[in-house]
1. Looking at the range 47-60, which of its residues are crowded, with 20+ Cβ neighbours inside 10 Å and touching a residue at least 40 places away in the same chain (Cβ under 8 Å)?
2. Would you pick out the residues in the range 61-83 that are buried (at least 22 other Cβ atoms within 10 Å of the Cβ), among the β-branched types (Val, Ile, Thr) and modelled with pLDDT under 95?
3. Can you tell me how many residues in the range 567-596 are part of a loop (DSSP other than H, G, I, E, B) and either touching a Gly at 6+ places or on another chain (Cβ under 9 Å) or free of Cβ contacts under 8 Å to residues at least 60 places away in the same chain (or both)?
4. Could you tell me which of the residues 81, 112 is aliphatic (A, V, I, L, M), free of Cβ contacts under 8 Å to residues at least 40 places away in the same chain and more than 30 Å from residue 405 (Cβ to Cβ)?
5. Within the range 450-491, which residues are free of Cβ contacts under 8 Å to residues at least 40 places away in the same chain, among the small types (Gly, Ala, Ser) and either buried (at least 22 other Cβ atoms within 10 Å of the Cβ) or part of a helix (DSSP H, G or I) (or both)?
6. For the condition under 27 Å from the mean Cα position of the chain (by Cα), of a type in the set (D, E, K, R) and under 22 Å from residue 199 (Cβ atoms), what is the one hit in 75, 66?
7. Would you confirm whether or not the range 323-340 contains a residue that is at positive phi and outside any helix (DSSP H, G or I)?
Amino acid sequence: MCGIVGAIAQRPVAAILMAGLKRLEYRGYDSAGLAVIDAASGQLDRLRSLGKVANLQAALADHPLRGYLGIAHTRWATHGAPSPENAHPHQCRGRCAIVHNGIIENHDMLRASQLSAGHRFTSQTDTEVVVHALHDALAAGHNLADAVRTTCQQLVGAYALGVIDTAHPDRLVAARNGSPLVIGVGFEEHFIASDVFALLPVTNRFIFLDDGDVAELTCTTCRIWDTTGQEVARPIRTSVVAADAAERGHYRHFMLKEIFEQPQAVRDTLEGRITSTQVLPEAFGPQAVTLFPQIQAVTIVACGTSYHAGLVARHWIEGLLGLPCRVEVASEYRYRAQIVPTAALFVTISQSGETADTLAALRLAKQSGYLATLTICNVAESSLVRESDLALLTRAGPEIGVASTKAFTTQLVALLLLTLALGHERRLDSAFMTQAVTLLRNAPQKLEKVLALDEQIATLAAQFVEKQHALFLGRGAQYPIALEGALKLKEISYIHAEAYPAGELKHGPLALIDENMPVIAVAPNNALLEKLKSNLEEVRARGGQLVVFTDDHAAMTADAHVQLLRLPPIDDLLAPLFFTIPLQLLAYHVAVLKGTDVDQPRNLAKSVTVE
């Protein structure tokens, strides 16, 4: 969740570090800092500040740091409240400094031991035990890389580390275990970062570290040792992401830009994966052609928005294919007894591919007897992609806004592609398959028509600004879309929102209904519409205010208690994809009117790389 940047170069690095931190702001953070080894004095020089990177930039303007080796960090608080003292980098006795992402689970034990040995703690973080352990290893005579390896052997938990030492001013050391870290390869300079976006202005060549790796970087060399201590070569990969891909352009916020990028993101996700009559199983990997006919059950594991995508997929997989499909919250999956179905496919969904709970669930599943593992992910070089048997990339491009939009819709498209690919192996009716592929091919154009509702929804949003609560309703595959709509509203507007299957109203939620409780319903023109209309009558009878997103063919009437926003006619198969768009726009416009930080909502981070 936090952000790491480091650099060793033959030019001053402070500006590079600050630019990297700025590009990592989308991940979410509450404080920031940087440290360099001063080029003139050889001393460790550090700045830390609470709040935005702009605050750190102002401090840097007042106190410039000049050096060719440095590390920087944005922190999202886990252990210890947000404060300058708890901000990274942490240092020990003016000699060495580190930045850390992750959680050190045995920090209490290490802290007690280090206090007994005479170390003084200046923060409440779990990270500070790492820098004290590092100092002890250096004091014992280890070189920097060996000291980092010795330190890592004491740690239990997840970490990505960037390390500098005044006694080794010509090298930057990095280590990774369970938290992502990438090396950027420049011309006679090297960098480290939490993800490639931080470094795209300075390089497009990257080395992705494996768990257990320790890397030693100088201006001209890069050495990597694996978890056994053997020196290894990791491939250099060239990123195809443009340096300006994470720019906002003419949009007011990244979230709005990403909402409007969804038609193109869906086009990109479909490209090369469908013919005029079918989905190509090879799109999931060369093994898919032989594996898919053997699948007798599917388990989907994900978190947050990705979990909602999985809930939609269950309706498709069970309804179209007759295959049993269960959907699990990743953070719960490992902590109860599991029954692995026969010949089951284990599917993980993640925007980043580094979601800690989802990654841990995958690793457990690989030991549990699943026939195969598959990930649906947006990052080609991520841990989930590298560790899964099969993968389908969503091709959403960089998603900077913390509240996921285009990652969700492309996940839905990818999951429908998976359903149809599995259906092809089960001889799903060829006419239906052709129709489904045609609907997918035409989806981007129809998404553009749905986005044309933006002005109407912006006007509607004014009704929500003074509300404290909201209720979202859906039935069938639209219930997960209601869940996603409620999540978006609470994430960025801070309005308390809940979602229910509409049929559950009479089992409790009706007690909340009054004239101050807006109720948002997702009402496509399908077999459940009449049932849903009956549920909505229960709301109207109690004075509730209804906002209903429906389509032009649905027989619904507006009145004093019911506002209708009509989408173009939509086939029920793809209704979840289209009905999520107006809910995204509603959350966005409400948040803008309330004046919240749309792209970086409080307390949240984009990439959740710790449990």
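1. 48 - this is the single residue of the range 47-60 that is crowded, with 20+ Cβ neighbours inside 10 Å and touching a residue at least 40 places away in the same chain (Cβ under 8 Å).
2. Passing the criteria: only 74.
3. Kept after step one, since they are part of a loop (DSSP other than H, G, I, E, B), are these residues of the range 567-596: 568-571, 595-596.
With either touching a Gly at 6+ places or on another chain (Cβ under 9 Å) or free of Cβ contacts under 8 Å to residues at least 60 places away in the same chain (or both) added as a condition, the list becomes 569, 595.
Number satisfying all stated conditions: 2.
4. Working: 81 fails: free of Cβ contacts under 8 Å to residues at least 40 places away in the same chain.
Every option except 112 fails the conditions.
5. 486
6. Working: 66 fails: under 27 Å from the mean Cα position of the chain (by Cα).
On inspection, the qualifying residue turns out to be 75.
7. At the first step, the residues of the range 323-340 found to be at positive phi are none.
No - not one qualifying residue is present in the range 323-340.
For every residue, the table says whether it meets (1) in contact with a helix residue (DSSP H, G or I) (Cβ under 9 Å, 6 or more places away or on another chain); (2) in contact (Cβ under 8 Å) with a residue 12 or more places away in the chain; (3) farther than 18 Å from residue 110 by Cα.
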position	(1), (2), (3)
137	yes, yes, no
167	yes, yes, yes
173	yes, yes, yes
190	no, yes, yes
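The values are calculated or read from the model by the stated rules, or taken from the named source; none is laboratory data. Remember, it's a predicted structure, so these values are computed and weren't measured experimentally. Please note: Cβ atoms are built from the backbone with ideal geometry, for glycine as well, and neighbour counts cover all protein chains shown.
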